[in-house]
Amino acid sequence: MSAADGTLVADAPGAEREFNVPYVTRVEGEGSLVLRVRDREVVEARLKIFEAPRYFERLVVGRTGDEVIDIVARICGICPIAYQMTAVHAFEDLYGVDVDPAIRSLRRLLYCGEYIQSHALHVFLLHAPDYLGYPSALAMAADHRAVVEQGLAIKKIGNQLISALGGRPVHPISVRVGGFSHVPRRQDLDAVRRALDDAAVWSKATVSLVASWDPPAFEHPLPLVALRHPDEYPFNDGRIVSSDGIDIAPGAWGDAFEEIHLEGTNALHARTHDGEVYLLGPTARVSLAADRLHPLAAAALEATGLRDAIRTNIHRSIVARAVELLHACAEARDIIDEYRPPREPRVPFTPRAGIAAWSTEAPRGLLHHRYETDARGHVVHAQIVPPTSQNQGAIEADLAAFAPSVLDLPQAEAVHRLEMLIRAYDPCISCATHFLDLRIVEDGA
Amino acid sequence: MATVAARPRLRVGVVKMASCDGCQLTLLDLEDELLALGERFDIIEFPEASSLRSHGPFDVLLVEGSISTPDQAAEIVELRAKARLLVTIGACASYGGIQALRNWSDHDVFRAAVYAHPEFVDSLATATPVSEHVKVDAELHGCPISPEQLREVLVSVAVGRRPQIREESVCIECKRRGSVCVMVAQGIPCLGPVTQSGCGALCPAFGRGCYGCFGPREQANTRSLSDTFVAGGREGEDISRLFAGFTGWAPPFREVIREFGGPPGMTPAGSTEGERDVRG
């Protein structure tokens with residue numbers, strides 16, 4: 001019952017057409033889409049999120065930086081490291097903690113692990129079935145076993161890397177304010193270092209594979225927002241920049257953006273102060289920071305010839321994601337090759353009252369945290385702005401622009417195309433508060 | 001093998017309530033076995049991974065997440081009726097999860113702290129384990145669950161035996177692993193003595209105290225442990241905060257939290273909270 005239920009009525013004037021899908025599947029979270037169409041014009045596209053609220057911003061009140069790191073990880077089982085990284089950088093920035101360069105590298109390495117795991121999951125298990133025409137990766141494996149196996153093998157190496165640094169793939173345990181509770185010896189990374197050679201080769205092949213898949217025709221450029229750093233591909237650090245000229249410090253998100261709470265959704269939407277929607281994630285990063293890609297990833301992107309197409313057609317995000325998969329494998333290798341353990345895993349710090357604010361690049365896009373602390377370093381107020389709630393506006397704008405091209409398709413196919421567009425965003429709805437219920441209402445009037 | 005293959009495949013569902021999806025992801029993290037599992041079991045409902053949907057019935061239903069909205073409270077009763085075996089996966093479904101911290105607080109204060117329009121948000125005042133709503137056949141613990149324990153449950157169901165899951169404390173696992181005790185050697189508070197094993201005693205091996213992800217072990221002597229923390233100079237919320245984590249709503253931990261003044265930062269029902277916590 002994944003596809004549409006409901007019946008197609010001829011598009012005569014005054015006729016109503018309704019598509020109804022209880023969930024958009026293969027995304028992380030529960031929500032719904034309502035699309036209102038009148039005279040072939042989309043008059044409203046609303047992504048409604050009914051993921052149960054868990055009130056994280058209130059749960060962290062009274063907690064220390066280290067406790068916050070453990071708690072906010074539980075916002076998302078797929079990108080816990082993004083939450084841990086954003087929080088740890090925020091507190092260290094406030095407390096003036098100067099970490100050993102080796103600690104900083106290990107944090108990037110941990111983030112590489114999350115990118116490998118999360119992107120491999122999305123590219124192969126969630127998104128590829130759309131291109132190859134299957135309901136799931138398990139079903140796809142019957143005909144494309146090698147593709148699925150390769151995806152699982154890459155994903156496993158990402159998890160292996162996370163486990164080497166943080167004990168386990170989901171909700172790793174070692175990130176602490178001031179460093180890590182434990183750092184690996186060089187030899188602890190030997191096995192994963194060897195595996196990364198394979199992962200890099202397979203990821204390079206993945207870039208060419210997904211670039212060969214034809215996406216639905218669509219051209220709809222949106223303003224892009226990502227971190228940008230003088231030397232590094234955006235993960236942990238950099239300034240928040242946009243295609244429209246925004247250029248602010250990673251803690252200053254509120255200077256350019258704001259959140260609004262709309263009826264019918266348990267997630268807050270974000271806009272620029274000027275009311276503009278914007279796009280985050282692999283598309284934005286690959287477009288705004290292509291010159292910071294690892295040479296192997298940059299070459300693979302160039303070979304696809306799709307740089308411009310990635311920017312204008314969200315369905316091409318799968319290519320951007322594969323390029324980042326390769327980047328993460330290549331950078332992880334480099335970090336391990338240069339790794340010398342720090343003198344101390346963790347440096348001491350003194351908590352103080354103030355505002356701890358930072359942004360990092362989660363696999364799905366810019367993630368912002370802002371904590372107000374008291375003199376003991378206990379949180380008195382928190383704001384967490386996940387990438388999917390920021391992307392909601394862009395998803396809705398893309399759906400409104402894309403919908404007219406599918407109205408003449410058979411019911412089930414039209415709905416499938418709309419779901420596919422949503423999946424191209426890799427939405428993480430438990431972050432934004434979890435499944436999409438897709439409904440299109442065509443007003444006859 | 002031929003006789004096994006000849007059996008009808010068991011119909012498995014994976015669903016979620018209020019949760020982070022990390023325990024479902026643990027199923028997908030069984031990378032080496034996933035395709036074999038897909039052949040052995042008929043996974044008829046797993047919306048995070050598949051567009052094929054089903055209303056059951058299920059031979060095995062894996063439930064992630066705690067019950068925290070009126071819809072979920074109704075849904076779990078319907079799901080229970082369709083499932084031969086219902087297995088909760090993880091700290092949220094088995095103990096309420098981190099979101100159960102709100103059970104100590106005034107729900108309206110919570111909603112107003114996060115949402116500008118709390119009236120748009122439909123949630124229950126409490127987040128509670130599945131077992132408080134329906135009969136549960138087995139519980140997997142952990143935040144996240146252990147992949148090995150998940151595999152054991154699936155294999156045991158497939159062959160029709162009871163799952164073999166060790167009942168012991170993290171301390172025992174820690175000794176077996178050969179880690180130095182962080183509490184004895186470094187004075188770091190650790191919930192290892194009262195917490196069920198399953199994680200591989202990771203935290204002490206990584207230089208920190210256990211924070212109780214797998215919940216209280218049977219007959220956990222939390223009194224003795226909290227006395228030790230008191231003797232070490234801790235008091236009040238600095239003890240309750242140690243227990244007020246991902247399994248804090250489990251009765252033995254809940255009792256310690258209550259005794260030491262509730263979780264840090266929670267506002268008891270009936271009190272009011274300053275304007276600063278309300279988002280504009």
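What follows draws every value from the coordinates through simple rules; no lab data is involved. Quantities reported herein were computed from a predicted structural model and do not represent experimental measurements. Don't worry about glycine lacking a Cβ; one is built from the backbone with ideal geometry, like all the others, and counts go over all protein chains shown.
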Helical contribution to [θ] at 222 nm, DSSP H n ≥ 4, -39,500 (n - 2.57), averaged over the protein assembly as shown, rounded to 500
-11500 deg cm²/dmol
Here the tail fraction of P(r) beyond 20 Å, over all Cα-Cα pairs of segment B:108-260, rounds in percent to 57 percent
State the Kirkwood hydrodynamic radius of segment A:80-178 in Å, one decimal place, computed from all pairs of distinct Cα atoms.
14.9 Å
At q = 0.18 Å⁻¹, what is the log10 ratio I(q)/I(0) for segment B:2-159, with the Debye formula run over Cα points and no solvent?
-1.07
Provide the net charge surrounding A:Met420, with neighbours chosen by a C-beta distance below 13 Å and charges set as Lys +1, Arg +1, Asp -1, Glu -1.
-2
Ranked list, fewest to most other Cβ atoms within 10 Å of each Cβ, for B:Met17, B:Met266
B:Met266, B:Met17
Less than 14 Å apart at the alpha-carbon level, and either on another chain or at least 8 residues along: which aspartates and glutamates does that give for B:Lys82?
B:Glu45, B:Asp59, B:Asp137
Could you line up B:Lys16, A:Lys48 from fewest to most neighbouring Cβ atoms inside 10 Å?
A:Lys48, B:Lys16
Over all Cα pairs of segment A:142-273, how is the pair count split among 5 Å bins, expressed in % and running from 0 up to the last occupied bin?
2, 8, 10, 11, 13, 16, 17, 15, 8, 2, 0
Would you kindly state how much longer the chain becomes between A:Leu132 and A:Asp408 on full extension, computed as 0.36 nm times their sequence separation minus their alpha carbon distance, in nm to one decimal?
97.1 nm
If you wrap segment A:171-235's Cα atoms in a convex hull and average its projection over all directions, what's the area in nm²?
8.7 nm²
Per residue Cα convex hull volume for segment B:192-240, in cubic angstrom?
79 Å³
Taking the alpha-carbon set of the protein assembly as shown, what are its Rg and Dmax in Å?
24.3, 80
The residues A:Arg194, A:Arg271, A:Arg364, sorted from fewest to most surrounding Cβ atoms within 10 Å, come out as A:Arg194, A:Arg271, A:Arg364
Cβ neighbours within 10 Å, averaged per peptide: list B:135-147, A:335-347, A:294-306 in order, most packed at the top.
B:135-147, A:294-306, A:335-347
Estimated Rh, chain B: Kirkwood, alpha-carbon pairs, angstrom
20.2 Å
Compactness check, segment B:170-259: C-alpha Rg relative to the 2.2 N^0.38 Å globular estimate gives 0.99
Can you grab the distance from the C-alpha centre of segment A:188-231 to the C-alpha centre of segment A:31-102, Å, no decimals?
23 Å
